[in-house]
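Asks: Take this structure, written in structure tokens, and hold onto it; I'll ask about it next.
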Amino acid sequence: MLFNSHLFIFVFLPLTLIGFAFCRRRYSVDVSITWLVLCSLVFYGWWYPPYLALLIASVAFNYSIGKALIRLGESGEEAGRRSAKLLLAGGVTANLLAIGYFKYAGFVSDNVSALFGASPGTISIVLPLAISFFTFQQIAYLIDCERSAAVSSGIQRYFLFVTFFPQLIAGPIVLFRDVMPQINVLGSRLSIASTAIPALTFFSIGLFKKVVIADHLAVYSDLAFATANSTAITFSLLESWAAALTYSLQLYFDFSGYSDMALGLALMFGIRLPFNFGSPYKASSIIEFWRRWHITLSRFLREYLYFPLGGNRKGTSRRHVNIMIVMLLGGLWHGAGWTFVIWGGVHGVLLVVNHLWRMWKQTNHSGRPTPRSAVLWRGLCVLMTFMAVSAAWVVFRAESTDAALRIYTGLIGFNGIVLPPQVGHLFGGPQNLDWLSFVSVAPTPLLKFEAVAWIFILLPVVWLMPNSQQIVSALESKREKFPHGRFVAPAIGVMAGIAFGVAVAGLGGSVQFLYFQF
């Protein structure tokens with residue numbers, strides 16, 4: 001059951017809202033919470049019912065460990081603190097073993113077999129939906145319990161904290177402090193009227209991004225990357241950049257669309273989830289990009305991995321090592337494959353270079369730039385950052401390193417020159433195109449006019465238009481911030497209604513969100 005399906009929009013969501021409203025008016029907060037837990041479990045189990053038991057077992061296990069950690073922390077004894085550390089280590093290890101088995105067993109088996117020259121393993125495991133998200137969320141909870149940053153809660157409240165359906169499948173990765181205070185008063189003072197318009201605006205914008213933009217871009221990016229798996233096809237410069245840019249934009253509108261829909265759905269029940277996107281393609285550096293892209297994952301990696309490793313407290317070299325470790329593991333979190341590890345490594349290198357550049361600027365600063373030069377410089381930095389991020393997405397999307405290299409050789413115009421087999425192998429096979437050629441020797445149907453049109457239409461949108469958070473913020477503070485604020489809400493409401501209508505009209509066979517596979 002997907003957010004962008006008729007079943008969800010016209011059956012599941014209305015029934016869940018009606019039941020929640022009834023429980024809120026007639027019964028206690030606990031009954032409202034229990035109703036949402038049951039609906040969330042139905043939502044998850046609809047995909048693959050057997051793995052519903054895994055989710056429930058994971059939640060029950062971590063709730064028990066967390067409760068024990070809180071109790072040991074409250075004891076105030078040295079022995080209790082030592083026991084808490086051991087218990088935390090055991091709890092985190094159990095979570096990592098679970099995700100390691102379901103997500104990485106086949107990857108490890110294949111690589112061990114290759115290392116020893118054996119035939120590839122035959123491990124085939126259905127990846128539980130959202131296991132990366134709910135596992136990381138609960139690891140953060142256990143660490144917060146050991147740090148005395150979380151308090152004890154009822155079992156049904158904790159179940160909702162983990163399984164709340166708007167954020168269960170693909171985030172945002174919420175922390176205990178994000179939502180538990182809201183869950184504790186869920187429905188007690190909720191005014192549907194005060195949240196309905198912002199909630200529907202978020203949901204409509206997200207649905208439009210997914211159905212109208214991301215799913216149409218998928219036609220072109222899927223064709224390009226599927227073609228990259230064929231050794232008989234080479235890519236021209238324009239074809240390669242069209243493939244990279246269409247996927248960059250597809251991923252952006254797909255994942256940000258999901259995140260917007262999650263924000264809107266949660267707000268329908270009175271819960272404000274943390275923002276996950278802050279116009280990341282407006283970033284003027286890789287450091288800024290990671291403060292804007294998948295914000296909750298960046299926060300998790302920073303607070304629960306980078307800082308415990310020492311962060312930047314142990315010198316410049318150690319900081320760079322820590323960055324590389326975090327980004328390599330962040331890449332591996334996205335998927336069990338060397339392409340994801342390489343992608344994480346590329347971003348790690350880019351972050352290190354960015355930090356070195358900032359250090360050099362601090363020691364070689366030669367006065368303030370003029371306002372005009374500052375604007376031009378930032379624009380150039382935004383363009384360079386976007387191009388670097390888009391190039392890195394190629395290996396993230398490719399099914400193999402060979403497929404990625406076929407596109408990369410086109411990106412740099414080096415899809416030509418007949419190479420010796422020993423050298424050509426490094427570039428995914430012999431190439432037979434001219435240096436900086438714009439047209440393939442063997443013409444391919446990859447460079448579609450529609451794809452190029454989408455790119456030229458959407459780049460100004462991601463660079464210049466306000467994001468969904470800014471739009472909803474304008475909606476919620478219309479009179480305070482706008483001299484003609486009385487016109488803001490109706491205008492935004494009309495646009496959101498049109499976006500919703502267009503998106504619903506475009507619903508067909510529901511297309512899975514990209515981050516569901518992670």
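Asks: Count, please, the residues in the stretch 230-241 that happen to be buried (at least 24 other Cβ atoms within 10 Å of the Cβ) and not charged (D, E, K, R). Reasoning before the result, please.
Replies: Filtering the stretch 230-241 for residues buried (at least 24 other Cβ atoms within 10 Å of the Cβ) gives 234-236, 239-240.
Subset that is not charged (D, E, K, R): 234-236, 240.
Adding up the residues that qualify gives 4.
Asks: Could you count how many residues in the stretch 11-37 are in contact with a helix residue (DSSP H, G or I) (Cβ under 9 Å, 6 or more places away or on another chain), loosely packed, with under 15 Cβ neighbours inside 10 Å and closer than 23 Å to L129 by Cβ?
Replies: 1
Asks: What is the number of the single condition among (1) at pLDDT 90 or above; (2) farther than 18 Å from A453 by Cα that L249 does not meet?
Replies: (2)
Asks: Test L2 against the stated conditions and say whether it is part of a loop (DSSP other than H, G, I, E, B) and touching a helix residue (DSSP H, G or I) at 6+ places or on another chain (Cβ under 9 Å).
Replies: Details: part of a loop (DSSP other than H, G, I, E, B): yes; touching a helix residue (DSSP H, G or I) at 6+ places or on another chain (Cβ under 9 Å): yes.
When the stated conditions are applied, L2 passes them.
Asks: Every residue in the stretch 252-274 that is more than 14 Å from F208 (Cα to Cα) and open to solvent by less than 10 Å² (accessible area, probe 1.4 Å), please.
Replies: Keep residues of the stretch 252-274 that are more than 14 Å from F208 (Cα to Cα), which gives 263, 265-274.
Result: L265, A266, L267, F269, I271.
Asks: Same structure, new question: Applying the selection to the stretch 278-307, what residues are within 15 Å of G330 (Cα to Cα), open to solvent by 10 Å² or more (accessible area, probe 1.4 Å) and either in contact with an Asp or Glu (Cβ under 6 Å, 6 or more places away or on another chain) or not in a helix (DSSP H, G or I) (or both)?
Replies: Matches in the stretch 278-307: F307 only.
Asks: Would a scan of the stretch 58-66 turn up a residue that is more than 30 Å from L2 (Cα to Cα), open to solvent by less than 50 Å² (accessible area, probe 1.4 Å), in a helix (DSSP H, G or I) and not aromatic (F, W, Y)? Spell out how you get there, then give the answer.
Replies: Here is the first cut: in the stretch 58-66, the ones more than 30 Å from L2 (Cα to Cα) are 64-66.
Next, only the ones that are open to solvent by less than 50 Å² (accessible area, probe 1.4 Å) stay: 65-66.
The next check asks that each one be in a helix (DSSP H, G or I); those that pass are 65-66.
After this cut, where a residue has to be not aromatic (F, W, Y) as well, the list is 65-66.
Yes; the residues of the stretch 58-66 include at least one that is more than 30 Å from L2 (Cα to Cα), open to solvent by less than 50 Å² (accessible area, probe 1.4 Å), in a helix (DSSP H, G or I) and not aromatic (F, W, Y).
Asks: Filter the stretch 382-401 down to the residues that are open to solvent by 10 Å² or more (accessible area, probe 1.4 Å) and free of Cβ contacts under 8 Å to residues at least 60 places away in the same chain and list them by number.
Replies: L383, M384, M387 - these are the residues of the stretch 382-401 that are open to solvent by 10 Å² or more (accessible area, probe 1.4 Å) and free of Cβ contacts under 8 Å to residues at least 60 places away in the same chain.
Asks: Among the listed residues A114, A53, A79, identify the single one that is assigned to a helix (DSSP H, G or I), within 27 Å of the chain's Cα centre (by Cα), farther than 23 Å from N184 by Cβ and among the small types (G, A, S). Step through it out loud before you land on a result.
Replies: Details: A114 fails: within 27 Å of the chain's Cα centre (by Cα); A79 fails: within 27 Å of the chain's Cα centre (by Cα).
Checking each option against the conditions leaves just A53.
Asks: To continue, here is another question. Given the residues N322, N312, which is the only one that is of a type in the set (S, T, N, Q), over 19 Å from the mean Cα position of the chain (by Cα) and part of a loop (DSSP other than H, G, I, E, B)?
Replies: On the way: N322 fails: part of a loop (DSSP other than H, G, I, E, B).
Only one candidate qualifies: N312.
Asks: Can I ask one more? Quick check on the stretch 342-362. Is at least one of its residues in a helix (DSSP H, G or I), of a type in the set (A, V, I, L, M), crowded, with 16+ Cβ neighbours inside 10 Å and over 21 Å from the mean Cα position of the chain (by Cα)?
Replies: Yes, the stretch 342-362 has at least one match.
Asks: Let me ask something else about it. Condition first: surrounded by 19 or more Cβ atoms within 10 Å (Cβ to Cβ) and basic (K, R). Now tell me which residues in the stretch 137-165 satisfy that.
Replies: Passing the criteria: only R157.
Asks: Quick check on F203: is it open to solvent by less than 10 Å² (accessible area, probe 1.4 Å), in contact with a Leu (Cβ under 7 Å, 6 or more places away or on another chain) and touching a residue at least 24 places away in the same chain (Cβ under 8 Å)? Spell out how you get there, then give the answer.
Replies: On the way: open to solvent by less than 10 Å² (accessible area, probe 1.4 Å): yes; in contact with a Leu (Cβ under 7 Å, 6 or more places away or on another chain): yes; touching a residue at least 24 places away in the same chain (Cβ under 8 Å): yes.
Considered against the rule, which asks whether it is open to solvent by less than 10 Å² (accessible area, probe 1.4 Å), in contact with a Leu (Cβ under 7 Å, 6 or more places away or on another chain) and touching a residue at least 24 places away in the same chain (Cβ under 8 Å), F203 comes out as yes.
Asks: Do the conditions hold for S40, that is, is it open to solvent by less than 60 Å² (accessible area, probe 1.4 Å) and under 26 Å from the mean Cα position of the chain (by Cα)? Before you say what the answer is, go through the steps one by one.
Replies: Working: open to solvent by less than 60 Å² (accessible area, probe 1.4 Å): yes; under 26 Å from the mean Cα position of the chain (by Cα): yes.
So S40 passes the test.
Asks: On to the next question. Report whether or not S317 is part of a helix (DSSP H, G or I), open to solvent by 10 Å² or more (accessible area, probe 1.4 Å) and among the polar types (S, T, N, Q).
Replies: On the way: part of a helix (DSSP H, G or I): yes; open to solvent by 10 Å² or more (accessible area, probe 1.4 Å): yes; among the polar types (S, T, N, Q): yes.
Answer is yes for this residue.
Asks: Right, another one. Within the stretch 148-200, which helices (runs of 4 or more DSSP H) (wholly inside it) include 1 or more residues that are within 20 Å of Y44 (Cα to Cα), at pLDDT 85 or above and not aliphatic (A, V, I, L, M)?
Replies: Numbers: elements: 155-163, 165-168, 176-184.
Counting at least 1 such residues, we get 155-163, 165-168.
Asks: Follow-up. Can you tell me which of (1) in a loop (DSSP other than H, G, I, E, B); (2) among the small types (G, A, S); (3) at pLDDT 85 or above is the one G379 doesn't meet?
Replies: (1)
The values are calculated or read from the model by the stated rules, or taken from the named source; none is laboratory data. None of these values were measured; they are calculated from a predicted model. Glycine also receives a Cβ, built like all others from the backbone with ideal geometry; neighbour counts cover every protein chain displayed. Keep in mind that these areas ignore ligands, DNA and RNA; they rest on the heavy atoms of the full protein, side chains included. Shrake-Rupley method; radii C 1.70, N 1.55, O 1.52, S 1.80 Å.
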